[in-house]
Amino acid sequence: MSYNKRRIFMGSGLLTLLIAALLLTLLLVKKQQISSSNAQVAAQCSGVNIADIPPATPSGSFKDLTQVTQDLRQQNNNGLAALLGNPQEERQNIRDLAQKRKAYLLQAMQQNPREAYTQILPPNDRQTIARETQNCIEQEASISGTLEMHVVDYTSRPDRTLYFVRTKDDRRVRFYPTRDLPAHIMTGSKISAQGYMLDNNMLVDTSNPSNFAASTTSGSIGKIDSIGDQKLIVILANFQNTTQPSLDRNTVNSTVFTDVNNFYKDVSLGKTSWSGNLLPGWIPLPINSTCTDLVGIENAVIQAVDPQVDFNNYHRLLVFAPYGSNCQWKGESTIGEGMATTQEGQVPLSMSLVNADSDVLQIVGHELGHSLGLGHAGTLVCTPFGSTSCTLDEYADPYSIMGNIGLGMNAFDKETLGWLGSGNVQTITASGSYTISPLETATSGPMVLKIPTPDNNFLYVSYRQPIGVDATYKQLDPNTNVYTGALLHIQEPLNKSALLLTAPNIVGLKHALQLNQSYTYSGIKITVTGVTSTALTAQVTIPGSVSTTPTPGPTDTLSVTPTLNPVPTQTAGDSGFSFAISLALGGIDGSNTPLHLTRGVTLQLFNSAMQQAATYTGDVTYDSSQKIFTGVIPGTSLSPGLYTIKAIVPGYLHRLYPVPIQYSSATQFTLPELSLTGGDVNGDNRLNIIDYQLIIDCYTGSLGTCNDSQRQNADLNDDGKVDQIDYNIFLRQLTVHNGD
């Protein structure tokens with residue numbers, strides 16, 4: 001019986017193998033037929049403009065990409081189902097999934113290249129799906145050429161750095177690195193890379209050295225070139241679908257070649273200046289304005305002005321164009337110089353673009369800083385204060401124009417741009433006492449202490465005095481402590497810098513480490529031991545190094561060795577904080593007791609990117625002894641960071657507080673006294689002929705033209721009637737047209 005069972009078992013096994021072999025043969029034949037058919041009818045995936053992909057949260061888009069990638073791989077491997085079912089239907093499913101995945105992958109490349117790289121298809125899947133489709137699946141590729149880096153400065157979201165590679169045949173490929181490129185790499189650097197290409201977009205794992213290499217060329221290309229007179233051509237450009245802006249040529253010319261030029265000569269100690277030409281009139285461009293095509297305007301501008309401009313005479317290009325407020329960005333620039341194609345051939349050129357509706361002076365100085373090679377100046381925010389969990393607030397350094405609300409240039413900026421001589425930067429590797437001169441003085445001695453840190457960074461120690469542009473800090477905040485202590489910065493990738501906070505919840509410009517205070521970063525301790533108007537002395541203590549001078553006992557010590565999160569994030573802050581405010585309302589000068597003793601106030605808070613982050617409301621009450629309105633405005637749920645505050649009172653022009661606050665945790669902020677200008681009768685935050693007419697109507701009692709709200713706003717001295725006194729007050733205030 002056992003022998004017969006064995007024969008039966010062996011016979012059934014052979015039959016099973018024969019059936020399996022037959023099915024496999026049929027499957028291979030069928031797949032070969034399908035492949036042969038696909039060679040002729042492979043579906044073409046449409047191109048996807050990455051700028052046109054609807055915005056989504058990075059986590060959401062990555063989740064969609066992960067799911068559709070799994071579905072596509074499963075559908076592709078379902079060969080038996082295709083044989084037994086409908087091959088055409090299966091093939092169409094693969095094509096549909098491939099097209100859908102293409103859009104998700106490009107979106108992930110834009111939002112988080114590192115996550116996108118984890119979803120690259122294996123070689124076998126790429127090969128077999130490519131038989132069914134064309135231009136749908138990423139393919140291995142290599143590229144070499146010149147790197148272009150463009151920084152886009154938004155008003156409603158964090159900045160974005162765009163990378164492009166311009167090849168020898170003048171093709172421009174969008175480049176997505178999985179991590180920030182090294183600090184020394186900028187526009188003009190020669191690169192070679194291996195990665196994955198999809199449409200005209202290339203994803204590269206730059207964490208692997210074998211995938212990416214870069215070098216600089218001779219001359220200025222790919223290097224910092226900021227010394228000397230910068231030859232600049234300025235162009236006013238208008239689109240087919242926009243009206244000519246109100247920004248006039250004289251304003252632009254004065255801003256660029258007087259105000260910005262004087263600023264750079266001051267902060268560089270005469271080492272950098274700007275000169276050149278502003279072309280007359282607005283140049284019409286044969287393209288429409290789009291919020292996303294920031295780089296494409298370069299070719300259109302160069303082609304439009306090439307007949308009248310010899311680009312051999314310039315190596316900086318600045319364009320003003322009317323993109324409007326809907327585009328939510330203020331400016332864009334290359335980081336350093338690249339190569340541009342002109343009638344004169346390939347010429348070195350940086351490209352900066354300013355939205356004509358922006359705050360021109362601040363933005364021009366900021367974007368030209370990018371063109372010289374600088375990144376942004378931010379602040380390292382640790383939550384809670386003093387912890388090791390820190391994020392970079394991208395624009396939040398108020399001591400550099402490379403921040404959003406800053407002026408001047410910090411120590412890192414000046415060293416990066418070559419404005420400090422070899423003797424001005426003292427590199428510290430041993431503990432000891434060191435003395436530096438103010439950052440604004442022309443000296444051959446030390447002005448900056450530069451200390452290598454264990455986390456492969458550099459800690460910069462500097463201090464400022466009210467000289468030249470840096471006198472502005474005193475004007476903005478009379479109580480600033482910046483002139484009596486040390487400012488501490490560290491460097492970040494892409495030639496960025498970060499200010500270190502020496503105290504929580506800073507109001508105004510009070511970020512400097514003061515006399516006898518200490519701060520520890522990554523184990524390195526800085527103690528300020530002496531401050532005069534001409535010198536600052538600091539004791540530097542480096543672990544493992546023997547100190548040659550005694551270390552004083554500090555009265556205030558803070559130790560931080562931060563773990564920096566690579567992507568700036570916002571963390572919910574504490575609740576229960578408040579703002580103590582004092583307002584002087586124009587027209588109510590103490591000569592009388594106002595009729596309305598309580599006023600409603602709105603405080604709007606804007607983060608370092610000038611996004612509105614919070615709105616708080618409350619009341620202020622008239623203080624007859626001080627002749628001002630005072631009160632406490634409660635606040636809740638604010639994320640840690642640097643904020644600018646705007647005060648709004650009905651009937652008065654809105655006004656920004658001249659100094660920011662640095663929020664860390666729950667506390668009460670005492671804001672400086674603020675004076676508001678009255679006369680905004682119709683509530684549009686302007687003083688003009690409309691308000692004038694309403695005051696006349698309220699004064700003369702014209703029926704139907706002055707309602708109760710307007711009558712109260714027109715009563716500038718708040719005595720219960722609109723009369724000659726209010727009329728005279730309004731005329732005195734007409735020199736102020738717009739609120740902040």
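The values are calculated or read from the model by the stated rules, or taken from the named source; none is laboratory data. This is a predicted model, so every value here is computed, not measured. FYI the Cβ positions are ideal-geometry reconstructions off the backbone, even for glycines, and counts take in every protein chain you see. Ligands, DNA and RNA are stripped out before the accessible areas are found, and what is left, the full protein with its side chains, is counted by its heavy atoms. Shrake-Rupley method; radii C 1.70, N 1.55, O 1.52, S 1.80 Å.
Miscellaneous remarks
- Computed over protein heavy atoms with a 1.4 Å probe, the accessible surface of the stretch 223-352 works out to 40 Å² per residue.
- Taking all protein chains into account, the per residue accessible area for the stretch 369-455 stands at 25 Å² (1.4 Å probe).
- Length-normalised contact order for the stretch 129-216 - Cα pairs under 8 Å, 6+ apart - percent: 30
- For the stretch 194-292, a crude dipole built from +1 on the beta carbon of Lys and Arg and -1 on the beta carbon of Asp and Glu, taken about the Cα centre, is about 220 debye to the nearest 20.
- Protection proxy ranking, peptides 280-288, 311-319, 250-258, average beta carbon neighbours within 10 Å, highest first: 311-319, 250-258, 280-288
- Centroid-to-centroid separation of the stretch 454-532 and the stretch 321-354 [C-alpha atoms, Å]: 33
- With contacts taken as Cα pairs under 8 Å and at least 6 residues apart, the stretch 245-306 reaches a relative contact order of 25 percent.
- Using a cut-off of 18 Å between Cα atoms, the listed pairs Lys265/Lys474; Lys271/Lys414; Lys190/Lys450; Lys414/Lys496; Lys450/Lys474 include Lys265/Lys474; Lys190/Lys450; Lys450/Lys474 as exceeding that distance.
- Accessible surface, the stretch 588-740, averaged per residue in Å² (probe 1.4 Å): 45
- In the stretch 351-455, inverting the average of 1/r over every pair of distinct C-alpha atoms gives 15.8 Å as the Kirkwood radius.
- Peptide packing for 296-303, 171-178 was compared via the average number of neighbouring C-beta atoms within 10 Å per residue; ordered from the highest value, the list is 171-178, 296-303.
- The GluC sites (Glu not before Pro) of the stretch 323-428 that DSSP puts in a loop, and whose beta carbon has at most 16 other beta carbons within 10 Å, are Glu344.
- Average Cα contact separation per residue, the stretch 610-740, under 8 Å, 6 or more apart, as relative contact order %: 20
- Shown in residue order for the stretch 88-103 are the 3J(HN,Hα) couplings computed by the Karplus curve 6.51 cos²θ - 1.76 cosθ + 1.60 at θ = phi - 60°: 5, 5, 5, 4, 5, 4, 4, 5, 4, 5, 5, 5, 5, 5, 4, 5 Hz (x for Gly and Pro).
- Euclidean distance between Cα centres, the stretch 671-711 to the stretch 362-419, Å: 41
- Separation in nanometres of the label points that stand 7 Å from Cα toward Cβ, at Gln88 and Thr453: 6.5
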